[in-house]
Structure formats: structure tokens, C-alpha cells
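K.L.:
One structure, as C-alpha cells, below. Some questions next.
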Amino acid sequence: MPAIEDIKRIAEIEFSDIVKNISQIDFKLRVTLINNSFVDVYLSQRLPDRFGFHWECMDEAKMFYRYDNFPDKNWQSVATFPYHFHNGSQDSVDPSPFPLTTIEGFRAFMDFVKNKLK
């Protein structure tokens with residue numbers, strides 16, 4: 001099971017061009033980006049391989065993106081359930097466009113963020 005330190009290391013090294021700061025708040029990691037928006041990383045302490053990656057864009061449209069695999073019954077009809085992607089808002093949910101493993105999913109999510117920042 002990946003640890004929060006593994007995610008932190010990936011953000012620090014592989015995404016150093018867009019990461020401004022990383023802080024740990026209890027069991028959550030906050031990755032502050034160069035535009036002062038942030039990605040929160042949550043790895044479940046009780047359920048193995050359950051995660052959530054949430055990007056608050058902080059723009060005027062108040063958009064956010066979240067990739068997680070918590071089995072929310074509201075999204076049972078999503079083809080990749082429990083993996084799902086909140087694409088811009090809480091109610092806009094798509095099948096996962098990212099790998100289903102924690103580490104590779106985080107890398108792909110951060111690539112998505114990096115491309116949106118360009």
C-alpha cells in the first residue's frame with residue numbers, strides 16, 4: 001500500500017516545475033502549486049488502496065477536479081465505479097480517465113493538472 005511519503009516524493013521530484021510547497025495536515029497532503037491553487041491528497045488510513053486527489057483551481061469559475069475511488073452510491077452507474085472523476089464540479093462525474101492504481105493515478109492526475117496550468 002503506498003504511503004503519503006511516496007506521493008510527496010513524486011510531487012517534489014517529478015512535478016517540481018509546478019509545485020511551490022508541500023505540507024502535511026494530519027493524514028492529508030496539501031500540494032500548493034505555482035498559481036497558488038492546491039491539490040489535496042487523501043490516502044485512507046483504514047481502507048487499503050482508497051484515495052482521493054482533489055484540485056481546487058481557485059479561479060473565477062470556482063472549478064475543481066477530483067479523482068477518487070471511494071464507493072459513493074451516487075456514482076454506481078459510472079463505468080469505472082468506484083473509480084470516478086469529478087470533472088469541474090461535484091455533480092459532473094465521468095468514468096476514470098486515469099490509471100486505477102494509487103501511484104500511477106496520482107502521476108496521471110498531476111499531469112492533467114500540469115496541462116491545465118499551461
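No value in this document is a laboratory result; all are computed from the given coordinates. Just so it is clear, the model here is predicted, and its values are computed rather than measured. Cβ sites come from the backbone with ideal geometry, for glycine too, and all protein chains shown count toward neighbours.
K.L.:
Could you check the simple spin-label distance between Lys62 and Ser89, using points 7 Å along Cα→Cβ, in nm with one decimal?
P.N.:
So the two model labels end up 1.0 nm from each other.
K.L.:
Follow-up. Work from the charge dipole of region 4-117 (Cβ charges, +1 for Lys and Arg, -1 for Asp and Glu, about the Cα centre) and give the residue of Ala108, His86, Gln24 farthest towards its positive end.
P.N.:
Highest projection toward the positive end goes to Gln24.
K.L.:
Check which residues have an amide H placed less than 5 Å from Met58's amide H, if you skip close sequence neighbours.
P.N.:
For Met58, the qualifying residues are Met63.
K.L.:
What is the total of Lys pairs in region 4-117 with C-alpha atoms under 22 Å apart, excluding same-chain pairs fewer than 8 positions apart?
P.N.:
Lysine pairs meeting the criterion: 12.
K.L.:
Nearest 500 deg cm²/dmol is fine: what mean residue ellipticity at 222 nm does the chain get from its DSSP H runs of n ≥ 4 alone, each adding -39,500 (n - 2.57), divided by its residue count?
P.N.:
Helix-only estimate at 222 nm: -7500 deg cm²/dmol.
K.L.:
While we're here: Once R0 is set to 25 Å, what does the formula 1/(1 + (r/R0)^6) return for the Cβ-Cβ distance between Asn74 and Thr101, expressed as a FRET efficiency to the nearest 0.05?
P.N.:
Plugging the Cβ-Cβ distance into 1/(1 + (r/R0)^6) gives 0.60.
K.L.:
Mind jotting down the distance between the C-alpha centroids of region 23-49 and region 55-115, whole Å?
P.N.:
14 Å
K.L.:
Apply the Karplus parameterisation 6.51 cos²θ - 1.76 cosθ + 1.60, with θ equal to phi minus 60°, to every residue of region 30-40 and state each ³J(HN,Hα) to the nearest whole Hz, in sequence, with x for glycine and proline.
P.N.:
10, 9, 8, 9, 4, 9, 6, 6, 8, 10, 9
K.L.:
With +1 on each Lys and Arg Cβ and -1 on each Asp and Glu Cβ, and nothing else charged, work out how big the dipole of the chain is about its Cα centre, in Debye to the nearest 20.
P.N.:
So the dipole magnitude of the chain works out to roughly 80 debye.
K.L.:
Below 8 Å, C-alpha to C-alpha, sequence gap of six or more: please give me the relative contact order for region 63-118 in percent.
P.N.:
Relative contact order, region 63-118: 26 percent.
K.L.:
Can you pull the one-decimal nm distance between simple spin-label points at Gln24 and Asp111, each 7 Å off the Cα toward Cβ?
P.N.:
2.7 nm
K.L.:
Right, here's the next one. Please list, in chain and number order, the residues 5+ apart from Phe85 or on another chain whose amide H is under 5 Å from its amide H, with Hs placed from the backbone.
P.N.:
Asp94, Ser96
K.L.:
Under 5 Å between amide hydrogens, which residues at least 5 positions from Ser37 or on another chain qualify, with H placed 1.01 Å from N in the peptide plane?
P.N.:
none
K.L.:
At what distance in nm do the modelled label points of Asn36 and Ser16 sit from each other, each positioned 7 Å from its Cα along Cα→Cβ?
P.N.:
2.5 nm
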